[in-house]
1. Can you compute the charge dipole magnitude of the range 50-164 about its Cα centre, using +1 on each Lys and Arg Cβ and -1 on each Asp and Glu Cβ, nothing else charged? Give it in debye, rounded to the nearest 20.
2. Neighbouring Cβ atoms within 10 Å as the yardstick, rank Leu61, Leu99 fewest first.
3. Going by how many other Cβ atoms sit within 10 Å of their own, how do Val96, Val151, Val80 line up, fewest first?
4. I need the phi-derived Karplus couplings for the range 127-135: 6.51 cos²θ - 1.76 cosθ + 1.60, θ = phi - 60°, integer Hz, Gly and Pro marked x.
5. Taking the simple approach of a point 7 Å from Cα along Cα-to-Cβ for both Glu119 and Val151, what is their distance in nm?
6. I'd like the FRET efficiency for Arg144 and Trp50, computed as 1/(1 + (r/R0)^6) with the beta carbon distance as r and R0 of 25 Å, rounded to 0.05.
Amino acid sequence: MSRPKGKSGLQAAEHVTTTQAAVKKTTSKAEAEASASQLIDARIKELPDWRGETLARVRSLIKKADPEAVEEWKWRGVPVWSHGGILCTGETYKAVVKLTFAKGAALDDPSRLFNSSLEGSTRRAIDIHEGDRIDEEALKALVRAAMNLNVSGRAAARPARSKK
């Protein structure tokens, strides 16, 4: 993950810790979601290069694919999109923007977007490098598939209620 321009590692860590403390002080789910969205906005602005543009673009595509996706801010500053469970994360590194799908190994990927974390049995990731073209329709289809898997898995995991 990258740090804000001009800040040392310690300053960047303090910034994240301070921002997380602000999120924890929120009292409602709606406030927490709004705070997470604001933190993601801030992360995008902190990255004035191709990574910020790429993160903003994939965020937009995720929202188009699943308008009900909830934005969260976890693990010391990682944008997360959820719907019935985690859909994907949007990590930013020096040379890559990484979209990690929590249940990616269970998803069909006919367009072969997954190009990272292929050896695991659960997650799959898409590493986007500077200049890479994003197959928007394929990415939206993958997000919808992740959402459908999460929602169907939750429904299947609930025990049936007995009728009296």
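1. With only Lys, Arg, Asp and Glu charged at Cβ, the dipole is about 740 debye.
2. Numbers: Leu61 20, Leu99 30.
Lowest count first: Leu61, Leu99.
3. On the way: Val96 18, Val151 14, Val80 21.
Arranged by neighbour count, lowest to highest, Val96, Val151, Val80 become Val151, Val96, Val80.
4. Calculated HN-Hα couplings, in order: 8, 10, 9, 3, x, 5, 8, 9, 6 Hz.
5. Once both label points are built, they end up 3.6 nm from each other.
6. Numbers: r = 26 Å, r/R0 = 1.04.
Efficiency at R0 = 25 Å is approximately 0.45.
Any read-out appearing in this document is the output of simple, stated calculations on the displayed coordinates, not a laboratory observation. Everything numeric in this text was worked out from a predicted model, so none of it was measured. Methodologically, a virtual Cβ is constructed for each residue, glycine included, from the backbone with ideal geometry; neighbour enumeration extends over all protein chains shown.
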